[in-house]
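Take a look at the structure set out below.
The values are calculated or read from the model by the stated rules, or taken from the named source; none is laboratory data. None of these values were measured; they are calculated from a predicted model. All Cβ positions, even for glycine, are placed from backbone atoms using ideal geometry, and neighbour counts span all protein chains on display. Protein only, heavy atoms only, side chains kept; ligands, DNA and RNA dropped before computing areas. Shrake-Rupley method; radii C 1.70, N 1.55, O 1.52, S 1.80 Å.
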Amino acid sequence: MMSFISYLISGINLGSVYAIIALGYTMVYGIAKMLNFAHGDVIMVGAFVILTAITKAGLAPWMSVLLAIVICTLMGITIEAIAYRPLRKAASPLAVLITAIGVSYLLQNLALLLFGADAKSFVTIINVPNVSLFGGQLTIKGITIVTIIVSAIIMTVLTLFVKRTKPGRAMQAVSEDKDAAQLMGVNVNTTISLTFAIGSGLAAIAGLLLCSAYPTLTPYTGSMPGIKAFVAAVFGGIGSIPGAMVGGILLGIIEIFGRAYISTQIADAICFAVLIIVLLVKPTGLFGKNVQEKV
Amino acid sequence: MNKNERKIFKNNMLTYLMVIAFFVIVQTMSSTGHLSNLLNALLVPICVYTVATLSLNLVVGFSGELSLGHAGFMCVGAYASALFSNIAQNVPLVPRFIIAILIGAAVAAVFGFLIGIPVLRLRGDYLAIVTLAFGEIIKNLINILYVGVDENGLHVATTSNGYKLAAGGKQIMKGALGISGTSALYKPIKSWFFLIGIILVLITLFIIQNLVYSRTGRAIMAARDNRIAAESVGINVLKYKLTAFVVSAALAGVAGVLYSHNLSMLKVSTFDYNLSILILVYVVLGGIGNLRGSIIATVILYALPELLRGFSNYRMLIYAVVLIAMMLFNWAPAARNWRSRMLEKIRPGKERKEAA
């Protein structure tokens, strides 16, 4: 029973990280209608910035995290402006997908050149003591508690932002209908930039949390969690913010349980199989809108 | 033959001729020693990727569905055929290779059918993610598969010590270590592999071109252009999409066969989603639905990173930048307008039709 609870908690930990990454995916998809394949690599960049700022430049941990968020945010805006915006009205939606793949290669290989291919061990930034429950039968790691709290805060703030603030409503409007939003005086370009900025900033935080829980860092660290988060976003219904949260956490739990109770080697296969089953039952994900096609 | 048919015929013939010309030129250069060892080693892989790209173009270009799991079908074809080649060592060389190709295609087709039934009910990006998921599942499952053979027959297990082989038995598939030594079995015909690869490319082209310009092909494209309209004139959309998907999977399986028989080590980690994406990049850059473009893009883009080897660490970086720049130049509406303006300047007076 105790092991079950501890697996559940580490599942929620991993799932919270997936959820934060998935939020970036889902917001960008909701607004720009594109799959940003480079999103996972922004996580890796964020983690490398934190690591370099602490070990090479000797910055304080909080400053280096802030720096990572700023750099990732600026990078997200730049990538969107240079690589994605010119293709927004392209004849095929595949064009921007392939460009995103190109950006992903670019980030990975830049990191490869700058930091080398060997795995770096990530520094410990979050020093929170472990919590012992039930007379030592159940230990929860400090980082797990921090991750869960941080992601809960992010989700609440983000939901409030999108629902209550003006830029947030502009986002909703643009995702509903770009042209109509423009006619109502919404600046579509700024709104899309803002979405990329938020998504990339979140990716930096996800990088910190991911590498704190699994402290090895290579130029390819972001790619698998990126794909998993993408799965999580689809799982919850891509474009839906609560969907990304629920999808991320469920996926994390499924993955940890699969690893613990079935087989470590096919845990990924189990995640993907669950996704397929969900999509077959609900073809637009758990919280996805089912748009009826009309002639 | 009416005018339209003649045009299609000419177009198809041009593609075949291009492939044959490529073969003749490269083969002459190779046998007169004008190709470096590095380039010589690229020839068969180029055929592998060309077949794979053509097969994916059938799904992406003509059926209009985004598949991100094509490496999975290559993987299935590669493993099934390599397994056969290792087991049936008493079959003479040439028939064994032909049977291996057929087995690779057949097994991949079966997987294509089984995966296609649920997948093709989904739309757009959901379909893409599910194909990606299937590709990863196939990779994961093969990764834990162990197959051995001895006098009692085949043994299959999911752990390395799941079965005991009798004396003289041989372990063929070793989980993550894959299958080794397949290419050594075909040593006498190894030097013919480039020719075989080219023939497979031609066969693939033949199959796809004939499918596309047939009644079935027109139904497939009608379903792509407007699903509802196609359904309303009595086209069974699911059936035609499934046809395209299965044929495409079988051809990708053939690419896998060539791949596995050209290598001494077959590892499942090769067939990850990066490979699927790589093939998709070739399809999109070559032109969605353009078979000749697929071939040209594969040859250039596959050779590019290898030719950039002189730049050592920078080569993949350059590749990424070239990829992004090419996409922007080819697809951005602003770049397209600029290009057509430039063309008008060069050739004034000539009415230019907007390229589709």
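Things worth noting here:
- Here, P(r) means the percent of Cα pairs in each 10 Å bin from 0 to the largest distance; for the protein assembly as shown it is 3, 14, 24, 26, 19, 10, 3, 0, 0.
- Eigen-decomposition of the gyration tensor built on the alpha-carbon atoms of region B:272-311 gives equivalent ellipsoid semi-axes of 19, 14, 6 angstrom, largest listed first.
- Test item: Cα-centred dipole of region A:118-234, Lys/Arg +1 and Asp/Glu -1 on Cβ, debye: 220
- Karplus-derived HN-Hα couplings along region A:131-142 (A = 6.51, B = -1.76, C = 1.60, θ = phi - 60°), whole Hz, x at Gly and Pro: 10, 9, 10, 6, x, x, 6, 10, 10, 10, 5, x
- 3J(HN,Hα) along region B:338-345, derived from phi through the Karplus expression 6.51 cos²θ - 1.76 cosθ + 1.60 where θ = phi - 60°, amounts to 4, 5, 5, 5, 4, 5, 5, 5 Hz, with x in place of Gly and Pro.
- For B:GLN171, the residues whose amide H sits under 5 Å from its own are B:VAL149, ignoring neighbours fewer than 5 places away on the same chain, with H placed 1.01 Å from N.
- Projecting the Cα atoms of B:SER36, B:PHE84, B:PRO118 onto the charge dipole of region B:1-128 (Cβ charges, centred on the Cα centre) puts B:PRO118 farthest toward the positive pole.
- Put a plus charge on the Cβ of each Lys and Arg, a minus charge on the Cβ of each Asp and Glu, and nothing anywhere else: the dipole of region A:15-222 about its Cα centre is then about 300 debye.
- B:MET265 long-range amide H proximity, modeled H, under 5 Å: B:GLY181
- Distance between region B:258-322 and region B:197-249 - C-alpha centres, whole angstrom: 25
- Counting every alpha-carbon pair across region B:3-346, the share separated by more than 36 Å comes to 23%.
- Mean-position separation - Cα centroids, region B:16-65 and region A:35-56, in angstrom: 37
- Going from the chain on its own to the full set of protein chains, region B:98-126 has these residues losing 50 Å² or more of accessible surface (heavy atoms, 1.4 Å probe, no ligands, DNA or RNA): B:LEU122, B:ASP125, B:TYR126.
- Within the full protein context, the accessible area of A:THR144 is estimated at about 10 Å² for a probe radius of 1.4 Å.
- For region A:2-134, with +1 on Lys and Arg beta carbons and -1 on Asp and Glu, the positive-most of A:PHE37, A:SER92, A:TYR25 along the dipole: A:SER92
- Taking a Cβ cut-off of under 12 Å around A:LEU94, the surrounding Lys, Arg, Asp and Glu residues balance to a net charge of -2, with basic ones at +1 and acidic ones at -1.
- Dipole in debye (nearest 20) - the protein assembly as shown, about Cα centre, beta carbon charges: Lys, Arg +1; Asp, Glu -1: 1440
- The phi-based Karplus calculation (6.51 cos²θ - 1.76 cosθ + 1.60; θ = phi - 60°) puts the 3J(HN,Hα) values of region B:99-107 at 4, 4, 4, 5, 5, x, 5, 5, 5 Hz, whole numbers, x for Gly and Pro.
- A Gaussian network model of chain A, with springs between Cα atoms under 10 Å, assigns the largest mean-square fluctuation among A:ALA47, A:ALA181, A:ALA204 to A:ALA181.
- Options B:ALA133, B:VAL19, B:ALA335, ranked by Cα towards positive dipole end of the protein assembly as shown, top entry (Cβ charges): B:ALA335
- Residues whose placed amide H lies under 5 Å from that of A:ASN187, excluding near-sequence neighbours: none
- For A:VAL188, the shell of other residues with beta-carbons less than 14 Å away shows a net charge of +2, using +1 for Lys and Arg and -1 for Asp and Glu.
- The residues of region B:82-223 present an accessible area of 45 Å² per residue when probed at 1.4 Å with all protein chains retained.
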